[in-house]
Each structure stands twice: as C-alpha cells, then as structure tokens.
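Student: Mind looking over this structure? Questions follow.
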Amino acid sequence: MDIAIVDTCLITMSGKGVGLINDGAIGITGDRITFIGKTKELNQREADIIIDGSYHATLPGLINSHIHTGETLLRGGAQDLPEIEWMNKGLGPFAKHLTSDDKILGSKLGVLEGIRSGTTTFSEYTRHATHLIKEVFLPFNVRVVATETINEVSSDRSLFKPTDIYVFNRDQGDSDFKRASQLFEEYKDVDLVSTLYGPQALDMISLDLLQEIKQQAEERNSKIHMHIAQGQRERIQIKGRYGADTTTVKVLENHKMLDNRVIAVHLHDSSPEERSLLVKRGASMVGCPSSISLIDGIVPPVSHYIEIGGVAAIGTDQAPGPGHHNMFREMRAASFSTKIIQKNPTALPAWQALKLATMNGASVLGLEQEIGSLEVGKKADVITIDLNNANLIPIVSKPFNNVIPNLIYSMNGNEVDNVIIDGKIVLKDNKFTNIEENSILKEANNRAKVIFEEGTEDWVKADSKMVSYRKNGFI
Ligand SMILES: [Zn+2]
C-alpha cells in the first residue's frame, strides 16, 4: 500500500446515505483505492505514507461538471449586467483580446483555485481543448473530462443586435468537429483524460451538423455535452430561425436528438413538461447555480430535475459569471437558491448538495464506475478537510453526525489540506507538491491588467450598464 489516511471521519458517498465511517481509514495502492474501513482493521505498517486524518474529514474528490477555465483571467469583468448584455457587451470586448496563451494562464488559475477547494475532476468545455490538457490538466495531474466546443458562429458578436439571426459558417463547424474527433483519438488511452462531444448550443449550430455529431457520438459511445435552453439570447435565436411557437427542447425532440447521451447544461429556460420529457428520454443535466443567478437572476432547475427522477450535477461555468471555481461555494449556492425559490428550508439538503458534486457528477459524465465515491477498486481521488477551524467547530457524532451540514453550509474551501488525484498527492498539508502557485498568481494578475486595458475602448463603445456603474463611481 502506498498511502493510508487513518483515524479520519470518512465520508465515502457510497450507498444510499453519505456512507460515513467514524475512525475510518482509506488505503491507496497505485492509482486505486484498496482499503476502506475502520482504522483498527487496517495494517498501517503496510503503508509507505501515512496521513494522520484525526480532526479531518476525508471525502471523494469533488467533480465540477461544467467549467470553462480559460476565461478565468476575466474574473470580475462582467458582473451585475442584464443577461442580454452579458456576453456580447460585457465580456466580449475583453474576451476578444484573450490569446491562446492567456486561456492557458487563466486555466491554470482556475484549476489551482479548484484543487485548493477540493475539486479533482474538471469537466472542461473549450475550443482547442488539447492546449489546456497538455499545458494545464496533465502537468497539474488532475482528472479532466474534455469537451471540444463545436459551433458555426463567429465568436465576435459585439456588433450584432440580439435580434439579428446568426449567420452559420459550416466550414468553421466542420473544422471544430474534426478537432473534436482528433481529441478522442489522441486521448483514448490516457488515464486522466476522457472526452465528450460539445455542440455548443442549438442557436449556434445547424441541425445537419448536429445530426452528424450525434452519429459519431453513437459510434464512439460518447455523451453529448450541450448548453440547452440557457435564456433569452438563445430563445430569440431559436424563435427567429425555427418559428415563433417553438423552443430548443421541441426542436431537439422533433429531430430525435434527445436520448441518454445528452448532458443538458443549464435548462433554466425550459418548462417543467420539457424537463419531464428530457428525463423520460434518459438525458442528464448540469446546473450552474452561482453562474446562472449572477448572469440571469435565475435559479437553475437542478432540484426539480432530481424530483422528477432525473440525474443532475453542478458546475461553476466561467469565472466572470459566478466569480469562482470553488465547489464548496457552488454546493452552498445550489442549496440556498433552491430553498429560497421554493420557500422551503428542507429543499436540496446538505447531503443532496454533496451528492451533486460527487456521485451525481460521476454519473452525468459517465464515470460512475471510476470516481464519485470512496470504494475499493475505484480511482484514488481523495481530499481531506481540516475540521479544526473556527467556522467548522463543533463536530459531533452523537446523536447524529453534524459534519455534513457543517461542510456544506460553513466551509470556505481553503480548509481542504490534502488532495490526492489518481493516487498522486497534488496538495500536501496545504502546499502544492508540483505546481508553482505564486508565479502563476503573479503572472495571471499582470497579464489580466493588460487585457482589460486593451479591451477598454470597445468596452466603452459597447456601452453596457457597467459603463454607467463606472461613471457613477460604483466600480
Ligand atoms: Zn458553459
């Protein structure tokens, strides 16, 4: 055995409940979990490295099921805006100055933040995913589910009116699709990497190309990771293109696109009946509660999707929306927002929030046999949390364990002090073992200043509400 964590509050997330074992231990050999049980049942002499887990909770590494890390250098760049302005008038003027190196640097920053707050699997959605895999995910030794973005519209839409119907460019779509196919080939045997197809959204891709993607996804037995029903901007496009009385879900259903391969991201602009249809077709969903509440003022229907029998997970989307890539904050946001919108304090309880970021994430991404819970035979993606913090004390185990609500409602994320991914220690006693954290932070800050400077003129011209905030001295 290579690593053992002993005397810990083990939260396995296996079985119906949270699978909590007090005085628990976990053993790791190579990249797999080889022991789960009580500490007294473990022969500690067999382990090369022993981590003292007393006053610690030990959990499966968290799964961020939808993230665009490449935009992290634009954190704080588009906040408190009307949804219709957010992408094209808010973020767009700066985003167009992001070079591919900036996206790599932003990704490093986002992944650093994610690891520090317990994320071990990143479901990254991006153009040129291979750049981030080579420069960030593999060197950082984190697990990545990579989705290559496929779309047929230009990324610079700052001069379009929201009612202008996008002109599709099939050549661009074909070259994106080709890159996606190559990604599958390139990484089919790489342990930390798995791949999904990513037609970006129905307003950005033609039905012809979508059908071709579906066919290839079937051949490769892959899932299709797609933004679906994500608000007014999309709705205007779909109605303009396909008719005033239709919706994204209706168009997809009519063209037989809905099945168990579909991972529907966002879904807040869908009706309850449409979500029932998605569940019936076997589709899963990912909600991004912080991002969607900050960008749209809407609570994504994660809780409803689970209530009607679907499988749902959560992610942080991109930093300029929610402002973070911290899954503890995301779990809390999911729970809070659901309680508020349902006016029901029992809605989306702590244990369910934790499932969203563990087993549910694994199921949505098709990795439920490998990650999402601590079980013998699964991959060794494990985090420990220092419970000896003022915001987490007391921790009691009688008459019940209060650790789960304390983790979800009281944690900040920086209490995570050890992170093991695929059997390798990435964060040890709060320090990265193989990542130059300080130089990345410094470089990210310096480079972001240049990008914001370069985008200033266009940003002023686009005249979003943020420009008036600045005039008034609010930002
Ligand atoms: Zn997204």
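The values are calculated or read from the model by the stated rules, or taken from the named source; none is laboratory data. Because the structure is a prediction, the values reported are computed rather than measured. Cβ sites come from the backbone with ideal geometry, for glycine too, and all protein chains shown count toward neighbours.
Student: Which count do you get for residues in segment 38-96 that are assigned to a helix (DSSP H, G or I) and either without any contact (Cβ under 8 Å) to a residue 12 or more places away in the chain or more than 16 Å from the ligand (Cβ to nearest atom) (or both)?
Tutor: The total comes to 12.
Student: Let me ask something else about it. Take the residues in segment 295-338 that are free of Cβ contacts under 8 Å to residues at least 60 places away in the same chain and of a type in the set (G, A, S); name whichever of them is farthest from the ligand (Cβ to nearest atom).
Tutor: So the residue we want is G309.
Student: In segment 308-361, which residues are touching a Cys at 6+ places or on another chain (Cβ under 7 Å) and hydroxyl-bearing (S, T, Y)?
Tutor: Correct list: T316 only.
Student: Exactly one of these conditions fails for D176: (1) in contact with a strand residue (DSSP E or B) (Cβ under 8 Å, 6 or more places away or on another chain); (2) more than 23 Å from H97 (Cα to Cα). Give me its number.
Tutor: (2)
Student: Within segment 212-247, can you find the residues that are outside any helix (DSSP H, G or I), of a type outside the set (D, E, K, R) and out of contact with any Phe, Trp or Tyr (no Cβ under 6 Å at 6 or more places or on another chain)?
Tutor: N221, H225, M226, H227, I228, A229, Q230, G231, G243, A244, T246, T247
Student: Just checking, which of R233, R220 is in contact (Cβ under 8 Å) with a residue 60 or more places away in the chain and within 24 Å of the chain's Cα centre (by Cα)?
Tutor: Matching residue, one of R233, R220: R233.
Student: Tell me which residues, restricted to segment 433-451, are touching a residue at least 12 places away in the same chain (Cβ under 8 Å) and among the polar types (S, T, N, Q).
Tutor: N434, the sole residue that qualifies.
Student: Same structure again: Of all residues in segment 8-21, which are assigned to a strand (DSSP E or B) and buried (at least 20 other Cβ atoms within 10 Å of the Cβ)?
Tutor: Result: T8, C9, L10, I11.
Student: Sticking with this one: Pick from T130, T149, T163, T126: which is assigned by TED's automatic domain parsing to the domain that holds D208, farther than 26 Å from M359 by Cβ and within 16 Å of the ligand (Cβ to nearest atom)?
Tutor: T149
Student: Here are A25, A57: which of them is buried (at least 24 other Cβ atoms within 10 Å of the Cβ), farther than 30 Å from V460 by Cα and touching a Cys at 6+ places or on another chain (Cβ under 7 Å)?
Tutor: Criteria check complete, one pass: A57.
Student: What single numbered condition from (1) within 19 Å of the chain's Cα centre (by Cα); (2) within 16 Å of the ligand (Cβ to nearest atom) fails to hold for T195?
Tutor: Condition (2) is where T195 drops out.
Student: Also: Exactly one condition in (1) away from the ligand (no atom under 16 Å from the Cβ); (2) more than 30 Å from G30 (Cα to Cα); (3) in contact (Cβ under 8 Å) with a residue 12 or more places away in the chain is false for K378; which is it?
Tutor: Failing condition for K378: (2).
Student: Suppose the filter is buried (at least 21 other Cβ atoms within 10 Å of the Cβ) and away from the ligand (no atom under 16 Å from the Cβ); does M257 pass it?
Tutor: Spelling it out, M257 is indeed buried (at least 21 other Cβ atoms within 10 Å of the Cβ) and away from the ligand (no atom under 16 Å from the Cβ).
Student: Among (1) closer than 23 Å to K89 by Cα; (2) in contact with a strand residue (DSSP E or B) (Cβ under 9 Å, 6 or more places away or on another chain), there is one condition K461 misses while meeting the rest; what is its number?
Tutor: Unmet condition: (2).
Student: How do the pairs read when you match residues in segment 2-13 that are at pLDDT below 95 with residues anywhere that are hydroxyl-bearing (S, T, Y), using Cβ under 8 Å and keeping only pairs 6 or more apart or on different chains?
Tutor: none
Student: Taking K398 and the conditions (1) without any contact (Cβ under 8 Å) to a residue 60 or more places away in the chain; (2) crowded, with 16+ Cβ neighbours inside 10 Å, which numbered condition does it fall short on, given that it satisfies the others?
Tutor: Going through the list (1) without any contact (Cβ under 8 Å) to a residue 60 or more places away in the chain; (2) crowded, with 16+ Cβ neighbours inside 10 Å, K398 breaks only (2).
Student: From the set of residues in segment 185-203 that are part of a loop (DSSP other than H, G, I, E, B) and not basic (K, R), which is surrounded by the fewest Cβ atoms within 10 Å (Cβ to Cβ)? Explain how you work it out, then say what you get.
Tutor: In the first step, residues of segment 185-203 are kept if they are part of a loop (DSSP other than H, G, I, E, B); the result is 188-192, 200.
Of the ones still in play, those that are also not basic (K, R) are 189-192, 200.
Working: D189: 7, V190: 12, D191: 11, L192: 21, Q200: 21.
Out of the qualifying residues, it is D189.
Student: If you check I67, I36, I104, which single one turns out to be of a type in the set (A, V, I, L, M, F, W, C) and outside the structural domain of L354 (by TED's automatic domain parsing)? Walk me through it before giving the result.
Tutor: Values: I67 fails: outside the structural domain of L354 (by TED's automatic domain parsing); I104 fails: outside the structural domain of L354 (by TED's automatic domain parsing).
The unique qualifying residue is I36.
Student: Now for a separate question. Is there a residue in segment 220-242 that is basic (K, R), within 16 Å of the ligand (Cβ to nearest atom) and under 29 Å from E370 (Cβ atoms)?
Tutor: Yes, some residue in segment 220-242 is basic (K, R), within 16 Å of the ligand (Cβ to nearest atom) and under 29 Å from E370 (Cβ atoms).
Student: Can you tell me which of K379, K449, K424 is basic (K, R) and exposed (fewer than 13 other Cβ atoms within 10 Å of the Cβ)?
Tutor: K449
Student: Give me a count of the residues in segment 260-273 that are of a type in the set (D, E) and away from the ligand (no atom under 16 Å from the Cβ).
Tutor: 1
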